[in-house]
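First up is the structure itself, then whatever we jot down about it.
What follows is calculated from the coordinates using simple rules that are stated; it is not laboratory data. None of the values given here were measured: they were computed from a predicted structure. Note that we place each Cβ from the backbone using ideal geometry, even for glycine, and neighbour counts take in every protein chain shown.
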Amino acid sequence: MNLKIVFSTLGVILMIIGISMLFPLIWSLYYGEYDLPAFLISAIVTFLVGLFLFKGLKTEGSIRYKEGFAIVSLAWVFATIFGSLPYLLSKTFNSISDAIFETMSGFTTTGASVLTDIEILPHGILFWRSLTHWLGGMGIVVLFVAILSSIGIGGLQMFRAESPGPVTEKIKPRISETAKILWFTYVIFTFAEIFLLWIFGMPLFDAMCHTFGTLATGGFSTKNQSIGYYNSPIIHWIIILFMFMSGANFALYYSVLHNRNLKIFWKNDEFRLYSYIILVSIAVITIVLITNSYLPLDKAITLAAFQVVSIVTTTGYATYDFDQWPLLARSIIFTLMFVGGCAGSTGGSIKVGRILVLFKQATLELKKAIHPRMITQLKIREKTVPENIVINLNYS
């Protein structure tokens, strides 16, 4: 393994993270809060260490599979270690383990937190928590590939190691162009949601932070009550829409725009199953809420839709304590935790794509048992799924 090219590449990723720390620094400066020095020192240290690794270890050579997997794995470790510096320097956490936990939860968009009172934190720290979501949602490594188009073939190895789902989908022949399109779509959605939340009454700072959590399907909020703090059905439905969009394959949006054909969504097997799961779950829970809690239809649909989409995409935002719901509704919510978003989305969990492949493979095996001489091939989106992909899914 070429360790020089691994750590040189990690240096560029650290420089990206160091520059990213300047954005929460702006909010600290604007509000005149005590976390300003923490972000200034963290940004300088992170950027300089990254610059040292990049310049000091820069070498010729291509990134092979071993280097690609090493870079992706170590990128999360390095991002977490240096990303925890603002928490430690601002005394948000006195424990290194707590700072590491919060940072890793942010970058991996897990959304778990050791904090008990969010609203007492300074704006810079709150913004950094949410920004780690946004950076980790589409993937720091994918951003790196998008920025450095000179990576060449090595970018494909990193992209494959970083991209979620059973199949790595290339939109363009060059993997750097694919990464750019994915991030461009991500950024457009970000600005669109921030604008919509802002014009419908959410403060700009909160709109930005909740947009980061929505599109990354992470769930960090600036309020202790999460989205339930905002008693606005319009805000709830805007977030529902963008959570749903973030749970779909981002490559689909490019295909739809490029071909100017909305039917591409419905022709996609995975997107159809994803939509069916959500719509059926919303319908059943709405009926349960109306019959058991005597809620009005509009409120029942809004509550059901928000919790279903939030859970199935693994976002984790909440507008209601669904532990108070009837058993059937709670059982559906619990089951949806294991579904996840589509392959190529920012959602977590198993992924609808894997469930689709396993279901189709089970159907084929049943047909083969009935007709032993039958020759069949598993196809997704009219493309044959290689046998090694199916085997990996069965044992992963």
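Would you please state the base-10 log of I(q)/I(0) at q = 0.09, 0.14 1/Å for the chain, with intensities from the Debye formula using one equal scatterer on every alpha carbon?
Debye intensities relative to I(0), on a log10 scale: -0.57, -1.29.
Please list, in order, the residues from the range 77-108 whose amide nitrogen is less than 20 Å from a point placed 7 Å along the Cα→Cβ vector of Ile120.
Under cut-off, by backbone N: 86-103.
With only alpha-carbon atoms counted, please give the Rg and Dmax of the range 82-135, in Å.
My reading of the Cα-based Rg and Dmax gives 9.8, 25 Å.
Label the range 312-357 by shape, choosing from rounded, prolate and oblate, from the square roots a ≥ b ≥ c of the eigenvalues of the Cα gyration tensor; if a/c is under 1.5 it is rounded, and otherwise prolate applies when a/b is larger than b/c, oblate when it is not.
On the way: a/c = 4.63, a/b = 1.80, b/c = 2.57.
In terms of gyration-tensor shape, oblate.
What FRET efficiency, computed as 1/(1 + (r/R0)^6) with R0 = 30 Å and r the Cβ-Cβ distance, is obtained for Tyr30 and Lys55, rounded to the nearest 0.05? Before the final figure, lay out each step's value.
Working: r = 33 Å, r/R0 = 1.11.
E between Tyr30 and Lys55, to the nearest 0.05, is 0.35.
Using packing as a proxy for protection, rank 129-139, 359-369, 238-248, 260-270 so that the peptide with the highest average count of other Cβ atoms within 10 Å comes first.
129-139, 238-248, 260-270, 359-369
Leu279 to Leu241: extension gain in nm, 0.36 nm per residue of separation minus the Cα-Cα distance?
12.4 nm is the gain from fully extending Leu279 to Leu241.
How far is it, in nm, from the label point at Phe200 to the one at Phe184 when both lie 7 Å from their Cα along the line to the Cβ?
Going by the 7 Å Cα→Cβ label model, 2.8 nm.
Report the semi-axes of the equivalent ellipsoid for the range 219-283 in whole Å, largest first, where each axis is √(5λ) for an eigenvalue λ of the Cα gyration tensor.
Details: eigenvalues 157, 41, 21 Å².
The three semi-axes for the range 219-283 are 28, 14, 10 Å.
If you rank Tyr30, Tyr87 by fewest surrounding Cβ atoms within 10 Å, what's the result? Could the numbers behind the result be given before it?
Working: Tyr30 12, Tyr87 27.
Result, fewest neighbours first: Tyr30, Tyr87.
Reported to two decimal places, what Rg/Rh ratio describes the range 170-349 when computed on Cα atoms with Rh from the Kirkwood expression?
0.98
Placing unit charges on C-beta atoms (Lys and Arg positive, Asp and Glu negative, everything else neutral), compute the dipole magnitude of the chain about its Cα centre in debye, rounded to 20.
It works out to roughly 1620 debye.
Points 7 angstrom from Cα along the Cβ direction at Thr384 and Asn224: gap in nanometres?
Going by the 7 Å Cα→Cβ label model, 6.0 nm.
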